[in-house]
Amino acid sequence: MPFADILGHERIVEVLRRSLRTGKTAHSYLFEGISGCGRKKTTLALIQGMFCQSADDDACGVCPSCRKVAGGSHADIHIVEPLPDKRDISIDQLREMQRTLSLRPYEAPRKACIIEPAERMSVNAANSLLKTLEEPPGDALIILLTENAGLLLPTIRSRCQLIRFAPLSPEHILTLLEQSGMDADTASLIAPMSGGSMQKAIELDNESLAARRENVISRLSQMNINKIASVFDAAEALSGNREETLELLDLLISFYRDALHLAAGSGEIVNRSARSAIETIATRRPISRTMELLEAICQTRRDVQRNANPKLALDHLFMNIAAET
Ligand SMILES: [Zn+2]
C-alpha cells in the first residue's frame, strides 16, 4: 500500500513524502488516531517507501521488498505488541526489540520497528525505550501507534514526532468499503455509522446490519402510545451500552432522513431494502412532524454521548415517536 493509495490523509502523506524525498525522516514517530483510520497503512507506506529503491518519495508497491512489507513478512520489520495472554507490553519485549535493532538489517537499508498500542507499554518498558528513541541502534526507524498520545509518558511523547490522524470522512469510508467489494446499498448505510473507522465499519457489517435494521423497524412499528408497555419494551430491547445505543440512534437518524427524502419526493435513500417501512414512516405524519422527530433523535444522540442513561433516554424518545401528533 504505497502513499499514492492512501485515502483521506493528504497533508500527512505530503509531509512524510517530503521527508523521504529530502532524507529527513524522524528517528521516531508517534501516530495518534482512532483504530481503523489508516495509521497502520500509513506506517507501512512509510516503511515501504524507505525500503523501496524505485522512487525517492514513495514505494513502487510491486518489488519483492514492497510485497514483503505489505504481506507482513519483511525480516527487517520488528513488531512489538502485547503477547496473546497479556494486557501490557513488557520490558522483556523491549529488550528483545533493542537487541534485534542492534543487528545488521538483512536486506533493507535500515530496520524498522512498530509498537502498538504504545500506551500499553508498562512503565518499565516505556522507560527503557527512552534511550532507544534518542539514539535508535543502527539508525532504525521507530513508529509508535496509539489512540491517545495523552496516555503516554511525556518523556516518550517529546522524543517522537507526533502526527495526528483525523477519523476518515464518511465519503472515504464509503469508497474504501466499495473497493473492498461491499455492495453499494450496505456500504452507504454503514459508512455514516462507522465514526470514521474502517475497523468499526467492518464490525458493523459482520453484525448483520440487515437483520438489526429489520428488528428495529419491527419494534418501531409495534409501538403504541396507548399501550405504554410496548414503548418501554422496545426501549428495553433496543437499548444497550452507550456505544450500542449510539449505533441504534444512528440507524434511526438514517431512517428518518430517508423518510424526509421520500416525503419530499426524492428517491435518494440509504435504506433501499427497507423502502416500504420507510414509506410508512414518511406517510404516517406531516413532514414537519417527521422533521421534529429527526431533531429529537439527534438531540437524544447528543444526550447519550454526554452520559445520559441510554435506557431512560430511549424511553423518552420512543414515547415521543409513538405519540401520533
Ligand atoms: Zn518497491
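FYI, it's all coordinate maths here, none of it is from the lab. All values reported here derive from a predicted model rather than from experimental measurement. Neighbour counts run over all protein chains shown; Cβ positions are idealised from the backbone, glycine included.
Brief remarks on what is shown
- For the pair the range 12-47 and the range 253-325, the centres of their Cα atoms are 41 angstrom apart.
- Packing-based ranking, highest mean first, of 118-124, 47-53, 285-291 given that Cβ atoms within 10 Å are counted: 47-53, 118-124, 285-291
- Net charge dipole, the chain: roughly 620 debye, given to the nearest 20, about the Cα centre with Cβ charges of +1 for Lys and Arg and -1 for Asp and Glu.
- Debye intensity ratio in log₁₀ form over the Cα atoms of the chain, taken at each q of 0.11, 0.14, 0.15 Å⁻¹: -0.80, -1.03, -1.12
- Our estimate of slack between H261 and A237, defined as 0.36 nm per intervening residue step minus the Cα-Cα distance, is 5.8 nm.
- With a Förster radius of 56 Å applied to the beta-carbon distance between D5 and N307, the computed FRET efficiency rounds to 0.90.
- Length gained on full extension, N226 to R104, computed as 0.36 nm times the residue gap minus the Cα-Cα distance: 36.3 nm.
- Rounded to 10°, Cα long-axis angle of helix 209-222 versus longest principal axis of the chain: 20
- Taking N as its residue count, the alpha carbon Rg of the range 208-322 over 2.2 N^0.38 Å: 0.99
- Using R0 = 41 Å, the C-beta based FRET efficiency linking S180 and T155 works out to 0.55.
- Listed residue pairs exceeding 27 Å between alpha carbons, taken from K40/K86; K40/K311; K131/K200; K68/K131: K40/K311; K131/K200; K68/K131
- Antiparallel DSSP beta bridges within the chain, percent to nearest 5: 5
- Environment charge of R104, counting only residues whose C-beta is closer than 13 Å and scoring Lys/Arg +1, Asp/Glu -1: 0
- Per-residue extension of 0.36 nm, minus the Cα-Cα distance of L162 and E81, leaves a gain of 27.2 nm for this segment.
- Two-site FRET efficiency, E214 against V15, from Cβ-Cβ distance with R₀ of 41 Å, rounded to 0.05: 0.35
- Burial ranking of peptide ranges 310-321, 265-276 (average Cβ count within 10 Å, highest at the top): 310-321, 265-276
- Sequence-separation-based contact order of the chain, relative, with Cα cut under 8 Å and 6+ spacing, percent: 16
- Restricting the range 1-100 to trypsin sites (Lys or Arg not before Pro) in coil, as DSSP defines it, with at most 14 other Cβ within 10 Å: K24, K86, R87
- Measuring between their Cα centroids, the range 66-81 and the range 99-146 lie 14 Å from each other.
- Inter-label distance, N320 to A55: 5.0 nm, where each label sits 7 Å from its Cα along the C-beta direction.
- Across all Cα atoms of the range 3-164, the radius of gyration (one decimal) and Dmax (whole number) stand at 14.9, 42 Å.
- For the chain, calculated [θ]222 nm from helices alone, where every DSSP H run of n ≥ 4 adds -39500 (n - 2.57): -17000 deg cm²/dmol
- Note on the range 208-322: dipole from Cβ charges, positive end direction compared against A235, H261, Q305; the farthest Cα belongs to H261.
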